[in-house]
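Here the structure is laid out as structure tokens; the discussion comes afterwards.
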């Protein structure tokens, strides 16, 4: 169990780090011109964060999560709607759990 | 969500008006509605982890970055792993740096206080909206502030609902809410696809993250995978 002081400290830490990422891009751009190589790094970092979140979570979540992720990906390809993809993934998981297997 | 096709168009001026704030909020409203299930899911998940309702609302108010808040819940334990928490939150939110950088040519024309006020509510949807506005020649940064504020308010209220209803919602996994975040992220990844050159960095990120999930201390796999993908991309394109 996390006590309240620890929780408040953790929230303050998260808030500070997040705020620094929000202002960081503008602050950096006001000092350093972003080279093509740094831009390529940042661009791939942004997507890689999401890839690194999804893949292990889907694998650890088992067949239901993997199928839900596949459904979401497919719906995104077909409709280009992130919200539709998200709802399709959730519906897929709910449906699979409702099945008597 | 589009971090690629955002030409950092140089604008000569930037303003911040109340009218822009209102217009921005109105324009983002349909998207803000879809933040609500996330917020409810987060509030309920936070209660499950032993956070009080006020603390979970406090986190949503001051952090306002859903993915990193969910990630933090995974690390929420006593003793608190502060360093890992900071690194994970940084890794998950590092994309903000890129989003901000893309808006810099515009926002750097604003006075410091207004600039940071706008950036403090920066999120993926309102960044995407701001980018479109910038491309059609808007100069009013109030659009970004207004849309961000509406997203922020929706996030706080939804968290409160989830935190209060938490235990009464029963097992949210029954409704598939536990896959909501990964389904959304999966869609975000697909939406970022720009062709075959992306494949290698993505595979590197996925492989390192997957291996890291088993061999690294908990939480580090996201940082490791993200850095591996970023470095691979930089080496191939730089």
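The values are calculated or read from the model by the stated rules, or taken from the named source; none is laboratory data. Note that this is a predicted model, so its numbers are computed, not measured. Every residue, glycine among them, receives a Cβ derived from its backbone with ideal geometry; neighbour counts consider all protein chains shown.
Output the residue which, of all residues in the range A:67-83 that are buried (at least 16 other Cβ atoms within 10 Å of the Cβ) and within 27 Å of residue B:215 (Cβ to Cβ), is farthest from the chain's Cα centre (by Cα). The selected residue is A:67.
Looking at the range A:32-101, the helices (runs of 4 or more DSSP H) lying wholly inside it that each contain 1 or more residues that are more than 19 Å from residue B:195 (Cβ to Cβ), at pLDDT 85 or above and more than 8 Å from chain B (Cβ to nearest Cβ) sit at A:62-79, A:82-98. Does any residue of the range B:105-120 turn out to be in the same structural domain as residue B:33 (by TED's automatic domain parsing), at pLDDT below 95 and within 20 Å of residue B:184 (Cβ to Cβ)? Within the range B:105-120, not a single residue is in the same structural domain as residue B:33 (by TED's automatic domain parsing), at pLDDT below 95 and within 20 Å of residue B:184 (Cβ to Cβ). For residue A:26, the requirement of being outside the structural domain of residue A:94 (by TED's automatic domain parsing) and more than 16 Å from residue B:72 (Cα to Cα) is met. For the range B:1-95, the helices (runs of 4 or more DSSP H) that sit wholly inside it and include 3 or more residues that are over 20 Å from residue A:2 (Cα atoms) and modelled with pLDDT of 85 or more are B:18-33, B:35-48.
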